[in-house]
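Chemist: First the structure, which I've put down as structure tokens, then a few questions once you've had a look.
The values are calculated or read from the model by the stated rules, or taken from the named source; none is laboratory data. Everything numeric here is computed off the predicted structure, so don't read it as measured data. Cβ: placed from backbone, ideal geometry, glycine included. Neighbour counts: every protein chain shown.
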Amino acid sequence: MTEYMLFPGWFAFIVGACIGSFLNVCIYRIPENRSIISPGSFCPHCRNSIPFHLNIPILGYLLLKGRCKFCNHSISIRYPLIEALTGIFAVLLVLRFGITPVAFFWFVFISVLITISFIDADHQIIPDRISIPGIFIFASSFYFLPEMTFLESLAGILAGGGLLYAVAAFYYLLRKQEGMGGGDIKLLAMIGAATGIKGILFTVFTGSMLGTFAGIATIFYTKRSDTKLKIPFGPFLSAGAVLYVFFGEELIRWYMRLIGR
Ligand SMILES: [Zn+2]
């Protein structure tokens, strides 16, 4: 790697980690319907506000050795991990797409997916406050991505909303219980706005596979086989969508060759 490549990488990581710090605030506050702007960061245990120099992503956590400066209560390792994860995605996007509008668009998209995934994992909900504005925001994909058109985006929204709605309705008929929440449907409509029909098919296919593996693993480890075991679907759909961003085109081409088309 040349020095030229090194600079944008670090730059992307620092910007990404700072955005990750903001995502932590969103993950923690949006489900509680609280403002994500004010007040600033504070310890959830003793409510003391965190001074600016200790609020630096990742470094702040290391300086504090994972404990609140005031009450010594331990700080969840998840905060620096989400900061690092967001930073790493920023680096991967810059390496893949350069510092371009394409990388910018996908970074916003992945940041929203990270937020949704952790909220869904914590509370088994996908807030409308994120997914519905997300549908409109990511319908701008044609403006950033050379291969997208507004019609393709619209088709993706309908396919995402419609496809999953059909699956959910079928499941309901079959089992008389809701398998997939309305939150997943709106999330998929949002993913469709960004990735179009191809992206939706890829995301549903990949996300369902990942979700099924995780379900089997959970049943295996917890030795519970009751069918109502709640596994949030949002993180798996999100993972499918992220895989599409990086490898979608290649994987679809590979699959087409495989089936001889
Ligand atoms: Zn504290």
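Chemist: Looking at T227, T222, T206, T218 in this structure, which one is hydroxyl-bearing (S, T, Y), assigned by TED's automatic domain parsing to the domain that holds V112 and either modelled with pLDDT of 90 or more or touching a strand residue (DSSP E or B) at 6+ places or on another chain (Cβ under 7 Å) (or both)? Give the derivation first.
Modeler: Numbers: T227 fails: either modelled with pLDDT of 90 or more or touching a strand residue (DSSP E or B) at 6+ places or on another chain (Cβ under 7 Å) (or both); T222 fails: either modelled with pLDDT of 90 or more or touching a strand residue (DSSP E or B) at 6+ places or on another chain (Cβ under 7 Å) (or both); T218 fails: either modelled with pLDDT of 90 or more or touching a strand residue (DSSP E or B) at 6+ places or on another chain (Cβ under 7 Å) (or both).
T206 is the lone residue from the list that is hydroxyl-bearing (S, T, Y), assigned by TED's automatic domain parsing to the domain that holds V112 and either modelled with pLDDT of 90 or more or touching a strand residue (DSSP E or B) at 6+ places or on another chain (Cβ under 7 Å) (or both).
Chemist: Out of all the residues in the stretch 230-261, which are more than 30 Å from M148 (Cβ to Cβ) and either modelled with pLDDT of 85 or more or out of contact with any helix residue (DSSP H, G or I) (no Cβ under 8 Å at 6 or more places or on another chain) (or both)? Give the derivation first.
Modeler: If we filter the stretch 230-261 for residues that are more than 30 Å from M148 (Cβ to Cβ), which is where we start, we get 230-231.
Residue satisfying the conditions is K230 alone.
Chemist: Return the pairs, sorted by first residue and then second, in which the second residue is of a type in the set (F, W, Y) and more than 16 Å from the ligand (Cβ to nearest atom), the first residue lies in the stretch 36-64 and is assigned to a loop (DSSP other than H, G, I, E, B), the beta carbons are less than 8 Å apart, and the residues are 6+ apart or on different chains.
Modeler: Pairs found: I36/F22.
Chemist: Residues of the stretch 141-165 being outside any helix (DSSP H, G or I) and buried (at least 17 other Cβ atoms within 10 Å of the Cβ), which ones?
Modeler: Here is the first cut: in the stretch 141-165, the ones outside any helix (DSSP H, G or I) are 145-149.
If the condition is that a residue be outside any helix (DSSP H, G or I) and buried (at least 17 other Cβ atoms within 10 Å of the Cβ), then L145, M148 are the ones that fit.
Residue-by-condition table, conditions (1) modelled with pLDDT under 95; (2) of a type outside the set (V, I, T); (3) touching a Lys or Arg at 6+ places or on another chain (Cβ under 8 Å):
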| position | (1), (2), (3) |
| --- | --- |
| G87 | no, yes, no |
| L93 | no, yes, no |
| A103 | no, yes, yes |
| D122 | yes, yes, no |
| D128 | yes, yes, yes |
| I132 | yes, no, yes |
| L158 | yes, yes, no |
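Chemist: Confirm whether F144 is within 21 Å of L243 (Cβ to Cβ) and in the same structural domain as Y244 (by TED's automatic domain parsing).
Modeler: Against the criterion (within 21 Å of L243 (Cβ to Cβ) and in the same structural domain as Y244 (by TED's automatic domain parsing)), F144 qualifies.
Chemist: Could you say which residue among I99, I130 is under 21 Å from A17 (Cα atoms), in a loop (DSSP other than H, G, I, E, B) and not hydroxyl-bearing (S, T, Y)?
Modeler: On the way: I130 fails: in a loop (DSSP other than H, G, I, E, B).
Just one listed residue meets the conditions, I99.
Chemist: Further question: Filter the stretch 10-48 down to the residues that are under 15 Å from P127 (Cα atoms) and small (G, A, S) and list them by number.
Modeler: Listed by number, the list holds a single entry, S35.
Chemist: Let me ask something additional. Out of the stretch 12-61, which residues are within 16 Å of the ligand (Cβ to nearest atom) and aromatic (F, W, Y)?
Modeler: Y28, F42, Y61
Chemist: Taking S76 and the conditions (1) under 19 Å from V245 (Cα atoms); (2) of a type in the set (G, A, S); (3) within 16 Å of the ligand (Cβ to nearest atom), which numbered condition does it fall short on, given that it satisfies the others?
Modeler: All conditions are met except number (1).
Chemist: Just one of S131, S117, S141, S111 is of a type in the set (S, T, Y), touching a residue at least 24 places away in the same chain (Cβ under 8 Å) and farther than 28 Å from E32 by Cβ; which is it?
Modeler: On the way: S131 fails: farther than 28 Å from E32 by Cβ; S117 fails: farther than 28 Å from E32 by Cβ; S111 fails: farther than 28 Å from E32 by Cβ.
From the options S131, S117, S141, S111, the qualifying one is S141.
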